[in-house]
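Down below is the structure, laid out as structure tokens.
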Amino acid sequence: MNWIMCLLFLGSQLLYGQTVPNPRFLHEQLTIGAGFRSVAARVGKLREISQDQFANPFFKKDAETFSLSYVDTLFGNPGAVSLRFSKRDSILNLIQVTFLGVDPKTGKSSTRLDQSMEALWDSLSNHFGIPQEDKKIPLMGRVRVWLFASIEVQLLRLTSGTSIVTVQYSRRK
């Protein structure tokens, strides 16, 4: 009977798991489809999350989702990690990491910051391997998509007006 439970557990982990090869960061080790309490406990142990996160003023009663956010360092750059949960069943359904290439004091981009965002783009692209999709968005930036067993990873680089790199992990459609 125990081996049946073990198979069911492993099957559910494969179905809903964060299947990015060689996960290097905390958010890549989380499981899409995991419950809010287990994700919050895991993230809370490793990152400082203020109690304000749980009393978020943007948490609307009629909203379909709610988020838990923290700051992490990836490839030497600080990034805002947002974990989005469905309000209906409180499961993790999206992970988004955002890097801003602007000076926090002036709010402006610089050549050094643009080069840093380009290096980050290259590092993340190498981390995921060869993309299934790689296209330019005219006058806006570029997008790359990787499809893993149950996860889609989308890397977006916006260069119009400001420099932003966003990575989004979601369940494959």
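The values are calculated or read from the model by the stated rules, or taken from the named source; none is laboratory data. Quantities reported herein were computed from a predicted structural model and do not represent experimental measurements. So basically every Cβ, Gly included, is an ideal-geometry build from the backbone, and we count neighbours across all protein chains shown. We work out accessible area using only protein heavy atoms, side chains counted, and drop any ligands, DNA or RNA first. Shrake-Rupley method; radii C 1.70, N 1.55, O 1.52, S 1.80 Å.
The table for this structure:
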| read-out | value |
| --- | --- |
| Output for segment 71-95, where each listed residue is touching an Asp or Glu at 6+ places or on another chain (Cβ under 8 Å) and part of a loop (DSSP other than H, G, I, E, B) | Lys87, Arg88 |
| Filter result (closer than 18 Å to Leu30 by Cα, open to solvent by 60 Å² or more (accessible area, probe 1.4 Å) and more than 14 Å from the chain's Cα centre (by Cα)) within segment 149-159 | Ala149 |
| Unmet requirement for Ser125, which otherwise passes all of (1) surrounded by fewer than 15 Cβ atoms within 10 Å (Cβ to Cβ); (2) within 19 Å of the chain's Cα centre (by Cα); (3) of a type outside the set (A, V, I, L, M, F, W, C) | (1) |
| Pick from segment 109-135, criterion assigned to a helix (DSSP H, G or I) and hydroxyl-bearing (Ser, Thr, Tyr), ranking: farthest from Arg172 (Cα to Cα) | Thr111 |
| Test: residue in segment 136-148 that is in contact with a strand residue (DSSP E or B) (Cβ under 6 Å, 6 or more places away or on another chain), closer than 12 Å to Trp121 by Cβ, open to solvent by 60 Å² or more (accessible area, probe 1.4 Å) and assigned to a strand (DSSP E or B) | yes |
| Residue identified as hydroxyl-bearing (Ser, Thr, Tyr), in a strand (DSSP E or B) and open to solvent by 20 Å² or more (accessible area, probe 1.4 Å) among Thr98, Thr106, Thr162 | Thr98 |
| Test set (1) of a type outside the set (A, V, I, L, M); (2) open to solvent by 50 Å² or more (accessible area, probe 1.4 Å); (3) within 12 Å of the chain's Cα centre (by Cα) - Pro78 fails condition number | (3) |
